[in-house]
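Notes for the one structure printed next.
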Amino acid sequence: MDRPIVQFQDVSKRYPGKEALKHATFDLPRGKIIGIIGPNGSGKSTSLKLMAGLLQPDSGTVLVDGEKVSRLVARKVAFLHETDQLYGFYRIGEMIDYFSSIYDDFDTGKAREMLQFLQLDPALKIGSLSKGNRMRVKLVLVLSRNAPLLLLDEPLSGLDPMVRESIIKGLISFLDMERQTVVLTTHEVEEVEPLLDVVAALKDGTVFKVEEADVIRSEYGLSLIDWMKQVYAHTR
């Protein structure tokens, strides 16, 4: 059996006045599209930042691809954060060239294919783009890396609701799911449900359920939304 791509071993993380994660222990399988779901403040973004090495746990261990997470894990992780800033003075094509220069695993050809798919002109300046198009560029930059683990924090934010699912589904089709794993957080659970292979449910800083989406649908006979209501009701 393949080693999990992510392992949290009794992980806790505290901020002033708040415990974001409490003794969280869970594994995430490789080669899947995994959704981390939960109410606001449940620890979703903190979990991603711990996987990316942007935060260190106060106790416990986080492993990515069998390696204890540190800042060096960046070579194995591509991370899209909702608040990431792009350089407004760059053109889209220049931003791609910049990423290519700093990441050895960046696939420029794939990036340009994604731009074409999204109908984004490489000559456009970043500073002139709408919020939705800026998010599209950020998605291209992250998904063009051939890193084993791709982390997407609220990837639907800023995208037109009419095209959210088709954009994410189309972009993920560019990935090599035999060698890559996608972990995403979202408030738009219903929209990403068709994309997800695995769901990790978070509440009050604890991952209390990791389940395959097909099992939820076929064995439980539930939509992801109904499953969430059921499992959260049992944790009150």
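The values are calculated or read from the model by the stated rules, or taken from the named source; none is laboratory data. Since the model is a prediction, treat every value here as computed from it, not as a measurement. Every residue, glycine among them, receives a Cβ derived from its backbone with ideal geometry; neighbour counts consider all protein chains shown. Heavy atoms of the whole protein, side chains included, go into the accessibility calculation; ligands, DNA and RNA do not. Shrake-Rupley method; radii C 1.70, N 1.55, O 1.52, S 1.80 Å.
Any chance you could count how many residues in region 116-162 are within 16 Å of the chain's Cα centre (by Cα) and open to solvent by 60 Å² or more (accessible area, probe 1.4 Å)? Show your work before the answer.
From region 116-162, those within 16 Å of the chain's Cα centre (by Cα) are 135-159; that's our starting set.
Now drop any that are not open to solvent by 60 Å² or more (accessible area, probe 1.4 Å), which leaves 146.
Going through region 116-162 one residue at a time, the tally reaches 1.
Here is the figure for region 208-235: residues that are closer than 25 Å to Ala78 by Cβ and open to solvent by 20 Å² or more (accessible area, probe 1.4 Å) total 2.
Does region 100-115 hold any residues that are within 25 Å of Leu50 (Cα to Cα) and open to solvent by 40 Å² or more (accessible area, probe 1.4 Å), and which are they? Outline the logic, then answer.
Taking region 100-115 and keeping what is within 25 Å of Leu50 (Cα to Cα), we get 100, 102-106.
Correct list: Ser100, Ile102, Tyr103, Asp104.
From the list Leu149, Leu118, Leu139, Leu129, the one residue that fits, being at negative phi and modelled with pLDDT of 95 or more, is Leu149.
Regarding Ser45, is this residue open to solvent by 40 Å² or more (accessible area, probe 1.4 Å) and within 18 Å of the chain's Cα centre (by Cα)? Please lay out each step first, then the result.
On the way: open to solvent by 40 Å² or more (accessible area, probe 1.4 Å): yes; within 18 Å of the chain's Cα centre (by Cα): yes.
So Ser45 fits the description; yes.
Within region 163-186, how many residues turn out to be touching a residue at least 60 places away in the same chain (Cβ under 8 Å) and surrounded by 15 or more Cβ atoms within 10 Å (Cβ to Cβ)? Within region 163-186, residues that are touching a residue at least 60 places away in the same chain (Cβ under 8 Å) and surrounded by 15 or more Cβ atoms within 10 Å (Cβ to Cβ) number 9. Restricting attention to region 194-207, the residues that are open to solvent by 30 Å² or more (accessible area, probe 1.4 Å) and either assigned to a helix (DSSP H, G or I) or modelled with pLDDT under 85 (or both) add up to 4. So which of Arg136, Arg179 ends up being of a type in the set (Lys, Arg) and assigned to a helix (DSSP H, G or I)? That would be Arg136, the only listed residue that is of a type in the set (Lys, Arg) and assigned to a helix (DSSP H, G or I). Within region 48-90, the residues that satisfy the criterion of being touching a residue at least 40 places away in the same chain (Cβ under 8 Å) and within 13 Å of the chain's Cα centre (by Cα) are Leu48, Leu50, Met51, Ala52, Val77, Ala78, Phe79, Leu80, His81, Glu82.
If only residues of region 1-42 that are open to solvent by 80 Å² or more (accessible area, probe 1.4 Å) and in a loop (DSSP other than H, G, I, E, B) are counted, the one that is modelled with the lowest pLDDT is Met1. The residue that is modelled with the lowest pLDDT, among those in region 76-99 that are surrounded by 15 or more Cβ atoms within 10 Å (Cβ to Cβ) and under 20 Å from Met51 (Cα atoms), is Glu82.
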